[in-house]
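Below is one structure, written out as structure tokens, with a few remarks after it.
The values are calculated or read from the model by the stated rules, or taken from the named source; none is laboratory data. All figures in this text were calculated on a predicted structure; none of them were measured in a lab. Glycine gets a Cβ as well: all are built from the backbone with ideal geometry, and neighbour counts include every protein chain shown.
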Amino acid sequence: MAKIVTKASIVTLAVLAAAPIISSATIPSASAQDYPSRPIRMLVGFTAGGPTDIPARFLAERLTSALGQPVIVENRPGAGSMLATQELLAQPRDGQTLLVCTYFDPVNTLLYRKARYKVSDIAPVSLIAKYDYAIAAPLSIKAETFADLIPLAKAEPGKLNYGQLGIASTQNMLAKQLEKTAGIKMTAVTYKGAAEAVQEVVAGRLDIYVGPPLTVMPQYAAGKIKVLAVTGTQRLASAPKVPTLTESGVPLVAFAFLGICAGSGTPQPIIDRVNKEVVKIVDTPAYRAMIEKSGSVPASSTPAEMQTVIDAAVRDAAPIISEFNLQVD
């Protein structure tokens, strides 16, 4: 779940799944007793090696053993995860196709005026992680904290660029909030995935990237980038010298999370089976160690608990889209 907290408001941005088109293939083709009847596809709406892909591959390997059928990760990057969600919704609702949900998916239902789907077309299964964001910058930038960056940005409005993964991405919305709160102006550059954006920071071609710690912190630990601030309420244990945005004089806090989703109409026994196995994996020491090392927090849930998060995401994201006129056809 992603939350933006300013002096005036708290905005919760969540992980859920949505798509630009809804398929008529809503009738499950297999009974719950037969599940899984063949290899399971786990769709990821972003490039390999990113903060969504890494947990997906960990889960897929272990779900393969737990469910008795191969679970194959398929990366379908592009259009703010909509290509992957579209593929999910085009398949029979039998649990044989799953999606690693991100914040993008519910926001797409609000962003596109002509979206032919509803949030209820997606069935939440379980959360798998929560995390803050880290604000990455190249080593060449003449700033050590976000507070240092503000006067640089004000001196030359629009010169600094920032990476986003689509107009409705967390990165774009956070950047808009940063611009408003700090009184600065930056230029957006769009990338297909977080890994690509971070590499552009390493190369010095991208000035700012607000990314999940799973992607950003390894490069920081290797001394290849700077981290100017983190968006949580507290400093990361893995980067105790990096201040929060609030400490830097910018009253903004953001959180995010990942989850597993299926198509609506998937039989409840199948949802419950996948939920049971996902929760077991998330609770293992190996998974927890992987997620915690990245600065994130392992988190699981019931489908109903995830639905609550989804509903809050849709309700709270609407004011940001309206304020910054982000809605498109």
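Annotations
- Filtered by the rule that a residue be over 17 Å from the mean Cα position of the chain (by Cα) and surrounded by fewer than 17 Cβ atoms within 10 Å (Cβ to Cβ), the range 68-95 gives Gly68, Gln69, Pro70, Ile72, Ala90.
- Pairs are defined by a Cβ separation below 7 Å, a sequence spacing of at least 6 or placement on different chains, a first member in the range 318-329 that is in contact (Cβ under 8 Å) with a residue 60 or more places away in the chain and closer than 11 Å to Asn172 by Cα, and a second member that is of a type outside the set (A, V, I, L, M) and part of a helix (DSSP H, G or I); the pairs so defined are Phe324/Lys176.
- The listed residue being among the small types (Gly, Ala, Ser), in a strand (DSSP E or B) and surrounded by 23 or more Cβ atoms within 10 Å (Cβ to Cβ), out of Gly295, Gly259: Gly259
- Hey, Leu258 more than 19 Å from Val100 (Cα to Cα), in contact (Cβ under 8 Å) with a residue 24 or more places away in the chain and touching a helix residue (DSSP H, G or I) at 6+ places or on another chain (Cβ under 7 Å) or not: no
- Residue match in the range 130-139 (condition: within 20 Å of the chain's Cα centre (by Cα), in a helix (DSSP H, G or I), at negative phi and not polar (S, T, N, Q)): no
- Single condition Lys241 does not satisfy, out of (1) part of a loop (DSSP other than H, G, I, E, B); (2) among the charged types (D, E, K, R); (3) surrounded by 14 or more Cβ atoms within 10 Å (Cβ to Cβ): (3)
- Scanning the range 148-183 for residues that are in a helix (DSSP H, G or I), over 19 Å from Ala134 (Cα atoms) and among the charged types (D, E, K, R) yields a count of 1.
- If you go through the range 90-129 and pick out every residue that is farther than 23 Å from Val279 by Cβ and either in contact with a Cys (Cβ under 8 Å, 6 or more places away or on another chain) or in a loop (DSSP other than H, G, I, E, B) (or both), you end up with 9.
- The listed residue being buried (at least 16 other Cβ atoms within 10 Å of the Cβ) and more than 27 Å from Pro124 (Cβ to Cβ), out of Val210, Val253, Val189: Val189
- Check on Ala222, touching a helix residue (DSSP H, G or I) at 6+ places or on another chain (Cβ under 8 Å) and either farther than 23 Å from Gly95 by Cα or in the same structural domain as Ser65 (by TED's automatic domain parsing) (or both): no
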